[in-house]
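Notes for the one structure printed next.
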C-alpha cells in the first residue's frame, strides 16, 4: 500500500511536540492499521523509534493511505 504524507504533517514534524518522529515512523504506523479507512480517523498510541508517543489522522484515498496530520505527546 502506498503511504502519502500531507504537507501539513510534514510541516508539523518540525515542531517540538513531534521531535523524534520521522517519516519512517509515520509510514510504519500507517501500514500497521488494518482494513479500509473511509473517513479521516484518529489512531492513537504509536511509538517512534526515538521513544516519542504519537497519534496519526489518516484516510484511504484512491492512490493509497493519506496521513493528514500527526500529533505528538
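Listed here are the residues, each with its yes/no results for (1) loosely packed, with under 11 Cβ neighbours inside 10 Å; (2) under 11 Å from the mean Cα position of the chain (by Cα); (3) under 17 Å from residue 1 (Cβ atoms); (4) in contact (Cβ under 8 Å) with a residue 60 or more places away in the chain.
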position: 19; (1), (2), (3), (4): no, no, no, no
position: 24; (1), (2), (3), (4): yes, yes, yes, no
position: 31; (1), (2), (3), (4): no, yes, yes, no
position: 38; (1), (2), (3), (4): yes, no, yes, no
position: 43; (1), (2), (3), (4): no, yes, yes, no
position: 54; (1), (2), (3), (4): no, yes, no, no
position: 65; (1), (2), (3), (4): no, yes, yes, yes
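Restricting attention to the range 9-21, which residues are under 13 Å from residue 69 (Cα atoms) and either at pLDDT 95 or above or part of a loop (DSSP other than H, G, I, E, B) (or both)?
Pass one, the range 9-21, residues under 13 Å from residue 69 (Cα atoms): 9-15, 17-18, 21.
Hits for the range 9-21 are 13, 14, 15, 21.
Can you say whether residue 11 is surrounded by fewer than 17 Cβ atoms within 10 Å (Cβ to Cβ) and touching a helix residue (DSSP H, G or I) at 6+ places or on another chain (Cβ under 9 Å), as far as the supplied structure shows?
For residue 11, the condition - surrounded by fewer than 17 Cβ atoms within 10 Å (Cβ to Cβ) and touching a helix residue (DSSP H, G or I) at 6+ places or on another chain (Cβ under 9 Å) - is not met.
Filter the range 35-73 down to residues that are assigned to a strand (DSSP E or B) and touching a strand residue (DSSP E or B) at 6+ places or on another chain (Cβ under 6 Å), then give me how many there are.
21
The values are calculated or read from the model by the stated rules, or taken from the named source; none is laboratory data. Predicted, not measured: the structure shown is a model, and the values here were computed from it. So basically every Cβ, Gly included, is an ideal-geometry build from the backbone, and we count neighbours across all protein chains shown.
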